[in-house]
Each structure stands twice: as structure tokens, then as C-alpha cells.
Amino acid sequence: MPRAPAALKPKDAFVDWSILWQYRGAFWSGFTVTVWLSAACIVGSTIVGLLAGCLGSLPSFFLRRLISAYTELLRNIPLVVKLFFFYFVLGIPGIPAALLALTLHQSAYVADVVTAGIRSIARGQVDAGLSLGHGYWQIFRYLIIPQMLRIVIPPMTSQYVAIIKHSSVVGLVAVQDLTFQTQEINVATFRGFEAATATTVLYGLLALAMIAAMAALEKRFAWR
Amino acid sequence: MSGASFAIVQSLRTERGKEWLWRLGVLLVVIAGAYAARDLEWGKVAASWQFLLKGLGRSWLLALASIFVGAVAAFPLALARVYGPTGVRHAATALIETVRSIPELMIIFWVYFTLPLVIGAQVDSWEAALGSLSVIAAAYLAEVIRAGLYSVPRGQIEAAETTGMSRLHIFLHVVLPQALRNMVPALIAQLVALFKTTSLVYAIGVMEFLRSVTVINNTLFAPYPLYLILALGYFVSCFAITRLVRWFDPKYQLVD
């Protein structure tokens, strides 16, 4: 449990950046945990979200309602609550619980992005496909999915950045990610300011890298 | 087949009929869930209902207070980003984007751990929670307000200019009233996001809903009913706000 520095002496107020180098190992291990946890959740939530979003866009009333119930249920309960439920109530160990909670949470948002992407494709295209004699599956496979995948790249970018940001929560169930390590350094040295600054910069860099990668992806698959 | 039952079968083919069937199904699932949960240790938990309710109330208070403070702070930020001279505009943009790109938990820790170092006085966890949530709300609401200001068609501003209105008059009488109306759904949507974010101030020891549930669980050890109450409390609160958005604008796509 993080604690505030109990007694602040005047000499503590000075900034000492050397602790960053001293604790570089902790920063590095926390950074790697954050990176692979986010990467795994990005892959997982994309798969689950794409599947749910596509199912929710099929011309079936009850399927649509079922998927929207799924997203409403997951979106309206905070991530920490899900995380604590998996960890404390179901007794799943820290890292699987974090993966599960983060993937489920973000998959609901991805599903909504996918549904909106499919809805933005003009209805006339489906009619055109039908009149050309294509079946529903062919229309889905060759008409809707390729267009949807391009449309959803920008909103997906913000979802992926959100995953990186939300992964900071897993420290609360003792997964030793970047935020957790920052807390440890703060407890050990009372140098919370320096550690938090470094961590903030690292998160910022991760987010920027994500945005750059998605921009490259968008450019690569743009229609010419 | 009699006429009445045939009418029911017919009505199930329509969107309205399916809607009713879906609602019936949801109701049945809820009843089945309640029936399945009847043997949980409710007796153990019942005595602490006031404590839990207080926790939920604190979460609501935190969300409402910080969205209010955040909205007050967000207005000058958004105006600086939209209308400010270049330097001010870049500064406001940098501030908003920085806060938006840092994890919410880090912002809470920032305010709780490093604000005392900067101002040289202790900050208690409630003040830190209110402060950090307000900072988060301000950054996100600034974007909402900016989108609202941009949502007023350019042609209206040009029309106002040709009738000879001053820039201040255009802003106060043409842009602002329409922008405010357009930004209401997004503003309420931010309240949902903020309400969920209040669960993070658990980490600095504020006795909000999540912490009050975990505290009671530590003494009573009745995780299933308590976490059911926890999930229900958050779900009902957020869902209610969501419905409020739908009531304002049925076509609004919730993004939080």
C-alpha cells in the first residue's frame, strides 16, 4: 500500500535525479512488464472486440441486443472492480487476473468502435452487393470487413493508448509494472517526484510510439 | 390457432415485439440471478449497509464536485486552445495533452505525493483525490468544450460578421449558446468516465465505494455479496448517467 512521506524535512525538498540511475533496474523491469502486458491486452481485446463487434452488426435483433448488453455491462463497471473481483474473489493470480480484466474491459470499447465502423459503411453498398448476387457472407468478407478495418484505425489508436494508460492499475494487485515500481522507489527513497516524472515520461513515450505505429499502419493501408 | 395468440406470434416479428421479448428475457435473467444469489451471506453484510451507502455517496460526491471544478477550469483552457495567441495556445494544448496521456492513477499519485513537496504542506487524501480528479476532468472537459465550440458551423460566424457584430458579441450570442447545447451529452458522458475513475482514489486511501467494500470485506470476509453490491452500485450509477445522455440526445454515441 503506498504511503505518503511521513515527515518532510526541508532538505528533502531538493530534487535528486541520481536516484533514476540508481534504480534503473527497477524502472526497466517495470517498463518491460507494462509493455508486454499492454501488448498482450491489445491483441486480446482486438480479437474479442472484433468478434463481438461483427456479431453485433449481423442482421439479428437478439444478437445485437446481446452484444450491446455485453458492452454496457463491461463499460459501466470500473476496471479496478473487475480486477479486484478476479484477484480477491475468484483468487486468480495477479498477472492472469490483470490480463483478463484489462482485455475484457477494453474489448467492450473495441466492440463499440467496430460496430460504429460497420455502421458508417453506406447501406447502399450492401444492397449493391446483394444485387450483384453475392451472399451475406461474401458481402461481409469482401465488402464490409476490408473497409471497416481501415475506418477503425484512428479510433482504435485511442483505445490502444487507453490500454497502455489503464495498465497502470494492475499495480494494485501487486503486478510489478511501471507504476508499481515507481511506488516502490517512492517508499524506499521518498523521491516520489523524480520517480513519477521519469515514469510519466516513459508512459508518454509509449503512447507516442503507439500513435506513430498506428499512423504508419493507416498510411500503409490507405486507399490510393 | 386462436386469434389472440396468433396476434402475439405476429407481433414477435416486429421490432417492438422483439423489444418486449428481450426485456422479458432480461427480467428473467435478473430474477434467476437474484434467486441464485439468495444463499450468499447477506445476513453478515446487512448490518453495514449505512457504511456502504456512505461510500457510494462519497464516490458520487467526488465525481460531481470534481466535474464541477473541472468544468470551471476547463473553460479558460479550451478558450485558450481555440482563441488564444500562438504561445498561449501551444501552452494550453501541451497541458491538456500531457494530462490526457498520463495514466489517471499516476496523476492521482502525482497530486498526492509530489504536491506536498512543491507547496511544502501536507495534503490529506480527500483533498488530493478531489484535486487530481478535478485536473483529470479539466483536461478531458477542455476537449469536450473545444469540440462544442467547433461544432458551430463556420457559416454562422461569417453571417454574424457580415451583420457587423463584434467578435465578443459573436462569441457570446452566436457561438456559445449553440456550443453549450451541443456539448451537454459529451459533458454527461465525461461524468460516467469520471465516476469510474473515482474508484482509483482507492489507492491513496480515500474511503469511497471500492475502499469501503474492501474494508468491510477485510473484517467480515463475505466477498461474494460485497462484490456483487460493488458491481451493482457502480453499474446502476453509471447506467443511470448513460440513460440521462440518451434522454438528452437519442442519437449520441457514448465515448468515454
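The values are calculated or read from the model by the stated rules, or taken from the named source; none is laboratory data. None of the values given here were measured: they were computed from a predicted structure. Positions of Cβ are generated from backbone atoms using ideal geometry, with glycine treated the same way; all protein chains shown enter the neighbour counts.
Residue B:142 fulfils the conditions (1) in a helix (DSSP H, G or I); (2) out of contact with any Lys or Arg (no Cβ under 8 Å at 6 or more places or on another chain); (3) closer than 24 Å to residue B:93 by Cβ except for a single criterion, (2). Has the stretch B:183-205 got any residue that is of a type in the set (A, V, I, L, M), more than 30 Å from residue A:120 (Cβ to Cβ) and over 20 Å from the mean Cα position of the chain (by Cα)? Among the residues of the stretch B:183-205, at least one is of a type in the set (A, V, I, L, M), more than 30 Å from residue A:120 (Cβ to Cβ) and over 20 Å from the mean Cα position of the chain (by Cα), which makes the answer yes. Determine whether residue B:16 is more than 18 Å from residue B:231 (Cβ to Cβ) and basic (Lys, Arg). Considered against the rule, which asks whether it is more than 18 Å from residue B:231 (Cβ to Cβ) and basic (Lys, Arg), residue B:16 comes out as yes. Just a yes or no: is a residue in the stretch B:246-256 free of Cβ contacts under 8 Å to residues at least 24 places away in the same chain, facing chain A (nearest Cβ under 9 Å) and under 25 Å from residue A:163 (Cβ atoms)? Taking every residue of the stretch B:246-256 in turn, at least one turns out to be free of Cβ contacts under 8 Å to residues at least 24 places away in the same chain, facing chain A (nearest Cβ under 9 Å) and under 25 Å from residue A:163 (Cβ atoms). Among residues of the stretch B:41-63 that are within 17 Å of residue B:223 (Cβ to Cβ), those with a beta-carbon under 6 Å from a residue that is polar (S, T, N, Q) and buried (at least 20 other Cβ atoms within 10 Å of the Cβ) at least six positions away or on a different chain give the pairs B:51/B:212; B:52/B:212; B:55/B:212.
None of B:92, B:128, B:138, B:142 is closer than 22 Å to residue A:170 by Cα, touching a Leu at 6+ places or on another chain (Cβ under 9 Å) and assigned by TED's automatic domain parsing to the domain that holds residue B:170 except B:128. The condition (being within 17 Å of residue A:200 (Cβ to Cβ), β-branched (Val, Ile, Thr) and surrounded by fewer than 22 Cβ atoms within 10 Å (Cβ to Cβ)) is satisfied by just one residue among B:99, B:152: B:99.
Taking the conditions exactly as written (touching a helix residue (DSSP H, G or I) at 6+ places or on another chain (Cβ under 9 Å), within 10 Å of another protein chain (Cβ to nearest Cβ), part of a helix (DSSP H, G or I) and hydrophobic (A, V, I, L, M, F, W, C)), does residue B:232 satisfy them or not? For residue B:232, the condition - touching a helix residue (DSSP H, G or I) at 6+ places or on another chain (Cβ under 9 Å), within 10 Å of another protein chain (Cβ to nearest Cβ), part of a helix (DSSP H, G or I) and hydrophobic (A, V, I, L, M, F, W, C) - is not met.
If the condition is being hydrophobic (A, V, I, L, M, F, W, C) and either in contact with a Phe, Trp or Tyr (Cβ under 6 Å, 6 or more places away or on another chain) or touching a residue at least 40 places away in the same chain (Cβ under 8 Å) (or both), then the stretch B:172-187 contributes B:184, B:186, B:187.
The set of residues in the stretch B:83-113 being more than 9 Å from every other protein chain (Cβ to nearest Cβ) and more than 24 Å from the chain's Cα centre (by Cα) consists of B:83, B:84, B:85, B:86, B:87, B:88, B:89, B:90, B:91. Out of the stretch A:55-88, which residues are assigned to a helix (DSSP H, G or I), in contact with a Phe, Trp or Tyr (Cβ under 9 Å, 6 or more places away or on another chain), under 28 Å from residue B:190 (Cβ atoms) and not aliphatic (A, V, I, L, M)? Those that are assigned to a helix (DSSP H, G or I), in contact with a Phe, Trp or Tyr (Cβ under 9 Å, 6 or more places away or on another chain), under 28 Å from residue B:190 (Cβ atoms) and not aliphatic (A, V, I, L, M): A:56, A:65, A:71, A:72, A:75, A:84, A:85.
Residue count for the stretch A:189-206 under the criterion of being of a type in the set (Phe, Trp, Tyr) and either touching a strand residue (DSSP E or B) at 6+ places or on another chain (Cβ under 7 Å) or more than 7 Å from chain B (Cβ to nearest Cβ) (or both): the result is 1. Only helices (runs of 4 or more DSSP H) whose full extent lies in the stretch A:93-188 are considered here, and the ones with at least 2 residues that are away from chain B (no Cβ under 14 Å) and surrounded by fewer than 19 Cβ atoms within 10 Å (Cβ to Cβ) are A:94-119, A:123-131, A:145-151.
Here's the yes/no breakdown for (1) modelled with pLDDT of 85 or more; (2) surrounded by 13 or more Cβ atoms within 10 Å (Cβ to Cβ); (3) at negative phi; (4) not β-branched (Val, Ile, Thr):
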residue	(1), (2), (3), (4)
B:34	yes, no, yes, yes
B:39	no, no, yes, yes
B:43	no, no, yes, yes
B:56	yes, yes, yes, yes
B:65	yes, yes, yes, yes
B:76	yes, yes, yes, yes
B:79	yes, yes, yes, yes
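Candidates B:200, B:232, B:244: the one that is within 29 Å of residue B:124 (Cβ to Cβ) and either surrounded by fewer than 19 Cβ atoms within 10 Å (Cβ to Cβ) or of a type in the set (A, V, I, L, M, F, W, C) (or both) is B:200. Here is the figure for the stretch A:40-85: residues that are over 20 Å from residue B:104 (Cβ atoms), over 16 Å from the mean Cα position of the chain (by Cα) and not acidic (Asp, Glu) total 21.
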